[in-house]
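Worksheet: the structure to be examined is printed underneath.
The values are calculated or read from the model by the stated rules, or taken from the named source; none is laboratory data. Everything quoted here is computed from the prediction, not taken from an experiment. Methodologically, a virtual Cβ is constructed for each residue, glycine included, from the backbone with ideal geometry; neighbour enumeration extends over all protein chains shown. To get the accessible areas, we keep the full protein, side chains included, count just its heavy atoms, and leave off ligands, DNA and RNA. Shrake-Rupley method; radii C 1.70, N 1.55, O 1.52, S 1.80 Å.
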Amino acid sequence: MNYKNPWKTVSTKTIYENPWLRLREDEVIRPDGKDGIYGVVEIKPSIGVVAINEKDEIAIVGQWRYTLKKYSWEIPTGGSVKEDNTILDAAKRELEEETGIQAAEWTALGSIDNSNGVTTDVAHLFLAKRLTYLTPKQEPNEQIVTKWISFKRAVQMVMNGDITESCSVAAILKVYKMRLSQL
């Protein structure tokens, strides 16, 4: 199998940029040898955290998702920012900002590529345990509700389509699989 890049980038131009993303348009030579364009949404790495308490409940957050025009239940998620030294620092910051939770134990669950046909968004997933509860530090544009549900219920919500956000689905199922392999 040939894993060599069959695409050739001829030029790149920025179409739009804000603090959260950059949209670029690349003039390319496609794998079939013809000229084309490719639109890419560049997004800083993101994180998702499954925070599990001593009762085997996870923190899920609910918020209105403007892009999809619907309310969404998901694990705490967010993007990295230049002040974060590491992806783990970003995960710790986001968990505390959204929920007021700090964790003493962190396990990396790997990463997923979100919509890798159009974005550079790579989400890094974590499991957080041994929790301490503080006051959330939500950003002004956030109206986030935190609730605790059993881990079993979270898996059911993923499987029946009540939790659909990609980081949440992947992280919850990764933790589920990790638990199965420990039996």
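Figure legend. Inter-residue proximity from the stretch 32-48: first residues under 27 Å from E96 (Cα atoms), second residues among the aromatic types (F, W, Y) and assigned to a strand (DSSP E or B), beta-carbon distance below 9 Å, spacing 6+ or different chains. Indicated pairs: I47/F126; G48/F126. Within the stretch 64-78, being more than 19 Å from I149 (Cα to Cα) and surrounded by 14 or more Cβ atoms within 10 Å (Cβ to Cβ) holds for one residue alone: G78. In the set (1) open to solvent by less than 100 Å² (accessible area, probe 1.4 Å); (2) in contact with a Lys or Arg (Cβ under 8 Å, 6 or more places away or on another chain), K13 fails one condition alone, (1). Taken over the stretch 164-183, residues that are among the hydrophobic types (A, V, I, L, M, F, W, C) and under 15 Å from I52 (Cβ atoms) amount to 5.
Under 13 Å from A59 (Cα atoms) and within 18 Å of the chain's Cα centre (by Cα) - does that describe any residue in the stretch 129-144? Yes; the residues of the stretch 129-144 include at least one that is under 13 Å from A59 (Cα atoms) and within 18 Å of the chain's Cα centre (by Cα). Against the definition (more than 12 Å from A51 (Cβ to Cβ) and out of contact with any strand residue (DSSP E or B) (no Cβ under 8 Å at 6 or more places or on another chain)), how does N114 come out, yes or no? So N114 fails the test.
Of all residues in the stretch 127-170, count the ones that are in contact with a Phe, Trp or Tyr (Cβ under 8 Å, 6 or more places away or on another chain) and aliphatic (A, V, I, L, M). Here the count works out to 5.
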